[in-house]
Amino acid sequence: MNESRQILQPAQWPRPRGYSNGIAACGRQIFVAGQVGWDAHGRFCSDRMADQVRLALENISTVLAQVPAGPEHIVRLTWYITSREEYHAELAQIGAAYRAVMGKNFPAMSVVQVVALMEARAKVEIEATAVVPGTSAVVSGVSAVVSGVSAVVPGVSDVPSVPPDSTC
């Protein structure tokens, strides 16, 4: 397990399968908007939920690659699905699609059934939060901490710098 991440598992709770109850992580936070199961051209290639799950997760990986980061950095996923019944019927195929993209990374996760998604053919939309260890920044342009070194962004003088976090 990555040293900048800790799985939070209360001792008296049963260990969940396929996700974590919580994760504590240090580093640069990446927030990925909801991704649906379409290709790079915005076309749906399948109406099967499992196929759309795989493409949605691959789309998340493509966005993360811009940092660069990957599925191993994901600490939270929120899934919106249009059919609980279809989800359960395709669970084995969804699990295989998940493992093909995510490997053995099981972040904190929620799955919520919704009436519909904005893209009519979409059966799943997945949001992700990732944390890349070793760097963190306050994106607002106020201050940054990179590898434990505090710095104030030029032009901003009235906001104190962020102290290094000794736990990260």
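Could you tell me which GluC sites (Glu not before Pro) in the range 1-72 are loop residues by DSSP with no more than 13 other beta carbons within 10 angstrom of their beta carbon? Walk me through the intermediate numbers first.
Working: sites: 3, 58, 72; in loops: 3.
Answer in residue order: 3.
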Counted neighbours (other Cβ, 10 Å), sorted fewest up, put 73, 41, 88 in the order 41, 88, 73
Length gained if residue 111 through residue 91 is fully extended, taking 0.36 nm per residue and subtracting the Cα-Cα distance, is 5.9 nm
Sequence order, the range 54-59: Karplus ³J(HN,Hα) from phi using 6.51 cos²θ - 1.76 cosθ + 1.60, θ = phi - 60°, Hz rounded, Gly and Pro as x, gives 4, 5, 4, 5, 5, 5
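Could you list 31, 44 so that the one with the fewest beta carbons within 10 Å of its beta carbon is first and the one with the most is last? Before the final figure, lay out each step's value.
Numbers: 31 11, 44 17.
With the sparsest Cβ surroundings first, the list reads 31, 44.
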For the range 5-133, shape from the Cα gyration tensor axes a ≥ b ≥ c, cut at a/c of 1.5 then a/b versus b/c, turns out oblate
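Read-outs: derived from the displayed coordinates by stated rules, not from any lab. What you see is a predicted model; the values in this text were computed from it and never measured. FYI the Cβ positions are ideal-geometry reconstructions off the backbone, even for glycines, and counts take in every protein chain you see.
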